[in-house]
Amino acid sequence: MKTALVIDDHPIAHLGCRQLLGELGYDPIHAALNDTDALRLADTQTPDLILLDLGMPGLGGLNLIAPLLRRVPGARILIFSMNEQTVFVSKALEAGASGYLSKNSGPEEFFDAVAALEAGRLYLSHDMALSVAGSRIGGRADPLSSLTSREHQVLRLIGQGKDLQSTADALRISYKTAANTSSSIRKKLGVTGTTDLIRYAIEAGLTS
C-alpha cells in the first residue's frame, strides 16, 4: 500500500492530484490546506510521497520541507508549484526535496516524476535541470538566493500586504526582529522601501 499527502492551499489542486495519484495506486491520499494540518498528518499518517506547493500560508512551502522530513525521514517530497524560478528549485533541493515539477506540466510528466521518486531518483524537468545547472556554472547569482529562510518568510508576508506587526505576529517573532529582518532584506535586494519589497515579492512569485 502506498500512501500520499498533498499539501496545497487550493482545494481544486487536491482533486487533480488525488485523481492522478489514484491512477498510480496511492491509497489513502491525505490532504492538507495549511502547515499545521500538514505536520499533523505527517506525524500520524507517515506518507510515502508528499506533494508540496511552495505558496503555502504560514511557514511557506520551503520552510515545511525540513520539519516534514524530520517527521517522516523516508518520505519523498515532490514540489508541485507554479513558481519555476531557479533559486526556488535549488533551495527546495538543498532543503531535502526529491523533485520539482511545474503545475504547468501534463499528466505524463507528473507520472514520470512520481516514478522517478519511487525509484529513489531526483526529478527535474529538462528545462529546470538545464536552468539549475546553468545557475551553478559561473552565472550571476539571483539576489533571492542570498536570503535566509527567515528573510524569505518575512519577504513573502510583506508581499502579501502585511505590515511589520502582523508579520511578527504570524511568525511569532518580536516586532524588532521583523523590522531588522526587513532592513536586511532591503539591503540584500538593493531596494529602499516597503513598496519596493512588495513589488519585488510579487514579481518573484512569492505571494501566490
* To do: Multiply the residue separation of Asn34 and Ala119 by 0.36 nm, subtract the distance between their alpha-carbon atoms, and state the gained length in nm to one decimal.
  => 27.8 nm
* To do: Calculate one ³J(HN,Hα) per residue across region 170-180 by plugging θ = phi - 60° into the Karplus curve 6.51 cos²θ - 1.76 cosθ + 1.60, and present them in order as whole Hz with x for glycine and proline.
  => 5, 9, 6, 10, 6, 4, 4, 5, 4, 5, 5
* Contour excess over end-to-end distance, with Cα ends at Asp43 and Glu23 and 0.36 nm allotted per residue -> 4.7 nm
* Once both labels are modelled 7 Å past Cα along the beta-carbon direction, what's the Glu94-Lys176 spacing in nm? -> 2.9
* Cα centroid separation - region 144-173 against region 1-60, whole Å -> 25
* Structure fact -> With the charge dipole of region 58-117 built from beta-carbon charges (+1 for Lys and Arg, -1 for Asp and Glu) about the Cα centre, the Cα from Gly99, Val114, Leu59 projecting farthest to the positive end belongs to Leu59
* Integer Hz, Karplus 6.51/-1.76/1.60 couplings in order for region 48-62, x for Gly and Pro -> 7, 10, 10, 9, 10, 7, 6, x, 8, x, x, 5, x, x, 4
* Listed candidates (i) 15.7, 44; (ii) 20.0, 60; (iii) 17.2, 53 - label of the one calculated as Rg and Dmax of the Cα atoms in Å -> (iii)
* To do: Mind pulling the angle between the C-alpha long axis of helix 194-203 and the longest principal axis of the chain? Nearest 10 degrees, somewhere in 0 to 90.
  => 20
* Structure fact -> Of all trypsin sites (Lys or Arg not before Pro) in region 80-128, the ones in DSSP coil with at most 14 other Cβ atoms within 10 Å are Arg121
* Assuming R0 = 22 Å, can you tell me the calculated FRET efficiency for the pair His10 and Arg70, based on Cβ-Cβ distance, to the nearest 0.05? => 0.30
* Asked: For region 151-208, rounded, prolate or oblate, judged on the Cα gyration tensor with a ≥ b ≥ c (square roots of eigenvalues), a/c < 1.5 rounded, else prolate if a/b > b/c?
  -> oblate
* Asked: For Ser184 and Asp163, what does the FRET efficiency come to when R0 = 22 Å and r is the distance between their Cβ atoms, rounded to the nearest 0.05?
  -> 0.80
* Long-range HN-HN contacts of Leu52 with modeled amide H, under 5 Å -> Ile7, Leu78, Ile79, Phe80
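Read-outs throughout are calculated quantities, based only on the coordinates presented, and are distinct from any laboratory measurement. As the structure is a prediction and not an experimental result, all values here were calculated from the model. Ideal geometry is used to build each Cβ from the backbone, glycine not excepted, and the neighbour counts take in all protein chains shown.
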